[in-house]
Amino acid sequence: MKSKLIIATSIVALLTGCATTGTGGSGKGDRLYSKNAETLDTRKDVYIAQFAVSFVTKDSGSSKSTSPMIRHSSGSEYAQSVLKAHLTGVPNSTFQKIADEAYNDFVADLTAKGFNVKPVSDLQKLKPWKKLDPLPVPYTPSGVSSFMKNSSQDEVTFSASSLNLFSVPDQVGQVKPMPYAFSELAEAAGAPVFAINYKVHFAYFDKDTDYEVNYFKDVPLNGGPSSTLSASVTLGQGIQVTTGSAAQFLVDSGGTFSDNGYVSLIDPVIVGGAYGRNEDTTSGSQKAANAFSSAVGFFTGGSTKTTEISVVATPEYYQYGAIKAIDMANNRIVDGLTAAK
């Protein structure tokens, strides 16, 4: 049992770096980037042409420390820890349900603020729509797109079932410009056209959250499991809508005096709570490499240890937590869209 606790403590130290996205998880942190939100002051009719949710399924990070315990240390002596974490147990059908419910909630929030969300079928009748080339759903970056992504994360993107997917950010925290045809659509329709891109991460290792879920109590599974999962196998579990998740709106063809804009999260929205079980899935060959690095490090002053874990999620719990986080993100972003009203 002691060895398991040591492993768990190591995971905490490592994933603090790999899983935290943005500026932190304080419940008081609700900052937004906003550009041209006042554009929407007098525009009540709007369209949503894309609503996409990217789910991080794999991430990695490292921490490195130099040692003052070695005589004549030059600072080059170090111990480096690497963690690779993988989300498992969540089927594509669950990801799709989350994207659909998130979209419906976003529409409801806009409607509550006085907007009239018009059917996307109106846009599909316009000439610029024919210029758009939808991406496959579920979408996973590959080839050049994967290379440009420049991230330790693996992710899969789902679109709301009633909409197409056209563009996904290449970089962490990026608000990526939408295809030019979106601007043409907005001008042809005479109304703002929205594109929403959210990213959901499966881990969080800080103490402060925006909301805490007791899944055993709040999401019973046909009577619930016999007991809640112990802390030693759930450390680091938390679901967050990450920094850079954004709602863009386009109203013109762009340029210096464009009224196009967006609202994006500076602070992530974080829902804490254990939604599954952590399993140490470090391979035998990796453990052997760790041992070899440790032995060589005794003489060279440097060593590296890699740990691999899988977070085996209970799908219903993960779905509940993800929807809760996205609902809070929707509230925050829609409030930002109407802040100038």
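The values are calculated or read from the model by the stated rules, or taken from the named source; none is laboratory data. For clarity, every value in this text was computed on a predicted model and none was experimentally measured. Every residue, glycine as well, gets a Cβ built from its backbone with ideal geometry; the counts of neighbours run over all protein chains shown. Note: accessible area is taken over every heavy atom of the protein model, side chains too, but ligands, DNA and RNA are not part of it. Shrake-Rupley method; radii C 1.70, N 1.55, O 1.52, S 1.80 Å.
Residue by residue, here is whether (1) open to solvent by less than 30 Å² (accessible area, probe 1.4 Å); (2) modelled with pLDDT under 55 holds:
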position	(1), (2)
54	yes, no
60	no, no
71	no, yes
74	no, yes
78	no, yes
84	no, no
95	yes, no
- Across the range 186-215, the tally of residues that are open to solvent by less than 30 Å² (accessible area, probe 1.4 Å) and assigned to a strand (DSSP E or B) stands at 10
- Message: Looking at the range 198-240 only, could you name the residues that are at pLDDT 70 or above, under 19 Å from the mean Cα position of the chain (by Cα) and aliphatic (A, V, I, L, M)?
- Response: 200, 203, 213, 239
- Task: Please state which one of 150, 164, 116 is modelled with pLDDT under 95 and either of a type in the set (Gly, Ala, Ser) or open to solvent by 40 Å² or more (accessible area, probe 1.4 Å) (or both).
- Result: 150
- Message: Looking for something open to solvent by 60 Å² or more (accessible area, probe 1.4 Å), modelled with pLDDT of 80 or more and on the phi < 0 side of the Ramachandran plot - is there at least one such residue anywhere in the range 98-109?
- Response: yes
- Query: List, please: which pairs have Cβ atoms under 7 Å, are six or more places apart or on different chains, and start with a residue in the range 108-124 that is more than 12 Å from residue 43 (Cβ to Cβ) and hydroxyl-bearing (Ser, Thr, Tyr) and end with one that is open to solvent by 30 Å² or more (accessible area, probe 1.4 Å) and modelled with pLDDT of 95 or more?
  - Reply: 111/117
